[in-house]
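Below is one structure; the comments refer to it alone.
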Amino acid sequence: MRVLFLVAGLTLGAGPAMAQTVGDCDGWQANARNVDWSDPTRTFANGAIRLVGLDTEEPAAAAFHIMVLYPDPEEQFLECRLVSLGADVGFGGISLARAEAAYDPARGLTVSVPGTSPEGEALVIAFTINRATGQVSVP
């Protein structure tokens, strides 16, 4: 009986407690076939920063990721990062149309995207793009 409660507690706590991650766009999630055409993109910083909504369809409850494209600070091409809920796990949903951003010269552009966890709970997906250093980070 004790083991069942422990397992149930770990399972329930895994969803919302998971930290967001930032990864490279080298995996299958960042494939162009996964663009969510119902809410595909949003731009900030006069078009220099572009967010692309991705729907990988599987796992069904955690299929949404955010691709972040921004200028490389030293090269003439775009950098690409993938914001997800965890390793190979996306969000239950995202709304790029309702994304908001705030700029802090010391940190960069912080973007907040309304979304849901795989369990359907509302959450705010927040990350910062620092164009000076070329880094994307999550709190």
The answer for GluC sites (Glu not before Pro) in the range 43-86 that fall in a DSSP coil and have at most 14 neighbouring Cβ atoms within 10 Å is Glu57, Glu74, Glu75
For the chain, the percent of all C-alpha pairs falling in each 5 Å bin, from 0 up to the bin holding the max distance, is 2, 10, 20, 23, 19, 12, 7, 4, 2, 1, 1, 0, 0
So, with points 7 Å from each Cα along the Cβ direction, the Ala87-Thr41 label distance in nm works out to 3.2 nm
Of all chymotrypsin sites (Phe, Trp or Tyr not before Pro) in the range 23-59, the ones in DSSP coil with at most 14 other Cβ atoms within 10 Å are Trp37
Between Leu123 and residues 5 or more places away or on another chain, the pairs with built amide H atoms under 5 Å apart involve Gly115, Thr116, Ser117
Once phi for every residue in the range 129-136 is put through the Karplus expression 6.51 cos²θ - 1.76 cosθ + 1.60 (θ = phi - 60°), the whole-Hz ³J(HN,Hα) values, with Gly and Pro written as x, are 10, 9, 5, 5, 9, x, 10, 10
For the range 62-109, the Cα gyration tensor yields equivalent-ellipsoid semi-axes (√(5λ), largest first, whole Å) of 23, 16, 10
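Determine the sum of side-chain charges near Pro71: Lys and Arg each +1, Asp and Glu each -1, restricted to other residues whose C-beta is under 12 angstrom from that of Pro71.
Around Pro71, the charge tally is -2.
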Across Pro40, Pro118, Pro73, the residue with the highest GNM fluctuation in the chain (Cα network, 10 Å cutoff) is Pro73
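Fully extended, how many nm does the chain gain between Glu75 and Ala101 (0.36 nm per residue separation, minus their Cα-Cα distance)?
Values: separation 26, 0.36 × 26 = 9.36 nm, distance 2.48 nm.
Net length gain for the segment: 6.9 nm.
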With +1 on the Cβ of every Lys and Arg and -1 on the Cβ of every Asp and Glu, the dipole magnitude of the chain about its Cα centre, in debye rounded to the nearest 20, is 320 debye
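Here, each number is a calculation from the coordinates, and none is a lab measurement. Small disclaimer: the values here were computed from a predicted structure and weren't measured. Here the Cβ is made from the backbone with ideal geometry for all residues, glycine too, and neighbour counts use every protein chain on show.
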